[in-house]
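I have placed the structure first, in the form of structure tokens, so that the comments after it can refer back to it.
The values are calculated or read from the model by the stated rules, or taken from the named source; none is laboratory data. Every value quoted in this text rests on a predicted model; they were computed, and no experiment measured them. A quick note on method: Cβ atoms are made from the backbone with ideal geometry, for glycine too, and the neighbour counts reach across all protein chains shown.
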Amino acid sequence: MATILDGKKAAEAIRSQLRDEISRLGKKPGLAAIIVGSNPASKMYVDIKERTCRETGILSERYSLPEATTESGLTELIKSLNSKKTIHAILVQLPLPKHISEHRILSAIEASKDVDGFTSHSKSQLLAGNESSVPCTPKGIIRLLELYKIPIEGKNAVIIGRSEIVGKPTALMLLNRNATVTICHSKTANLREHTLKADIIVAAAGKPGLVTAEMVRQGSAVIDVGTTKVNGRLIGDVDYEKAREKAGWITPVPGGVGPMTVAMLLENTLQCYKNIEGEK
Ligand code: NAP
């Protein structure tokens, strides 16, 4: 039976350390969260981020803009936050409405305030092996693997999903740690053939039940990033109950990757603060 990777407990410990460290700083780190439109999931994520910021001693400002906001209007807001002294980190909650280019908006964020590692500058840094600004979910996944001392170097890692915010950066971070990485996606011909060779599976497709126990190699680490609301409940991509009988380690949903993502957002906010204010 697999060891459960308890993201909730790990995140609580990280938050507690951050709270102590932040209480000793000269000023409060400040995070601006921008949300455009009325997507209920986006609102829920920003609510959680705001609450945990407050609990950790981070100043949190929310900018809720209507769906009809123009790209130039949003760019102007980002420019003003780029120069605002009390704000050290800027988060744009995705997805944005279709008429706004995510790429151009994320590129407008000052590199030093890029808390999510989404700017072109941060992406090219990660590609070159520099992890000074990396997205929160991949960072949380790696932290969880490291906390539980799960071997990465020389292991086969299979990532299911190739998004810019989860799949690709997770693949690069595992590659940086000398895993042999395979990225699968919706056009992958035989997913099971790949997952059965994996020492580490990262499932980030957002398809409940995609990874069955038959696809899991005995003793492997199974990281379930997927979160899909089904009848009011959050469901992962992995058939957790059956897969945990074969896996060596497994994350629950909820309580695995989700809380780690939020903890990494707080950690990245503190890092932005230190870079800008010159505090160690
Ligand atoms: P996304 O942009 O929709 O990407 C999904 C990826 O999965 C795509 O690359 C897609 O392939 C691939 N895919 C879809 N169906 C597949 C299938 N049947 N077999 C293999 N690959 C398949 O999603 P995302 O933003 O990366 O998020 C993925 C999931 O993680 C979602 O459930 C999201 O809610 C969750 N999430 C959780 C956290 C957290 O903190 N827990 C954070 C972020 C995201 P194509 O590229 O070919 O379309």
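Here are some notes:
- Residue 118 meets all of the listed conditions (1) without any contact (Cβ under 8 Å) to a residue 60 or more places away in the chain; (2) among the aromatic types (Phe, Trp, Tyr); (3) away from the ligand (no atom under 13 Å from the Cβ) but one, namely (3).
- Considering the conditions (1) part of a helix (DSSP H, G or I); (2) buried (at least 16 other Cβ atoms within 10 Å of the Cβ); (3) in contact with an Asp or Glu (Cβ under 9 Å, 6 or more places away or on another chain), residue 19 is excluded by exactly one of them, (2).
- Subset of the stretch 83-96 (residues that are within 16 Å of the ligand (Cβ to nearest atom) and out of contact with any Lys or Arg (no Cβ under 8 Å at 6 or more places or on another chain)): 92, 93, 94, 95, 96
- Of the residues making up the stretch 257-280, just one is among the basic types (Lys, Arg) and either under 12 Å from residue 56 (Cβ atoms) or at pLDDT below 95 (or both), namely 280.
- The strands (runs of 3 or more DSSP E) located wholly in the stretch 23-104 that include 1 or more residues which are touching a Gly at 6+ places or on another chain (Cβ under 6 Å) and modelled with pLDDT of 95 or more occupy 59-65.
- Residues that are surrounded by 20 or more Cβ atoms within 10 Å (Cβ to Cβ), more than 22 Å from residue 113 (Cβ to Cβ) and in contact with a Phe, Trp or Tyr (Cβ under 7 Å, 6 or more places away or on another chain) do not occur anywhere in the stretch 22-34.
- With respect to the stated conditions, residue 198 is buried (at least 20 other Cβ atoms within 10 Å of the Cβ), modelled with pLDDT of 95 or more and closer than 20 Å to residue 162 by Cβ.
- Residue match in the stretch 37-56 (condition: touching a helix residue (DSSP H, G or I) at 6+ places or on another chain (Cβ under 6 Å) and without any contact (Cβ under 8 Å) to a residue 60 or more places away in the chain): no
- Sole residue being within 22 Å of residue 143 (Cα to Cα), near the ligand (Cβ under 9 Å from one of its atoms) and free of Cβ contacts under 8 Å to residues at least 40 places away in the same chain, chosen from 238, 253: 253
- Which listed residue, of 139, 85, 79, is free of Cβ contacts under 8 Å to residues at least 24 places away in the same chain and among the charged types (D, E, K, R): 85
- Residue in the stretch 101-123 that is in contact with a Phe, Trp or Tyr (Cβ under 7 Å, 6 or more places away or on another chain) and crowded, with 24+ Cβ neighbours inside 10 Å present: no
- Candidates in the stretch 222-242 are the residues that are in a loop (DSSP other than H, G, I, E, B) and over 18 Å from the mean Cα position of the chain (by Cα); of these, the one that is surrounded by the most Cβ atoms within 10 Å (Cβ to Cβ) is 239.
- Tallying residues that are assigned to a helix (DSSP H, G or I) and in contact (Cβ under 8 Å) with a residue 24 or more places away in the chain within the stretch 172-208 yields 7.
- Every test in (1) over 22 Å from residue 6 (Cα atoms); (2) more than 10 Å from the ligand (Cβ to nearest atom); (3) assigned to a helix (DSSP H, G or I); (4) in contact (Cβ under 8 Å) with a residue 12 or more places away in the chain is passed by residue 168 save one, and that test is (2).
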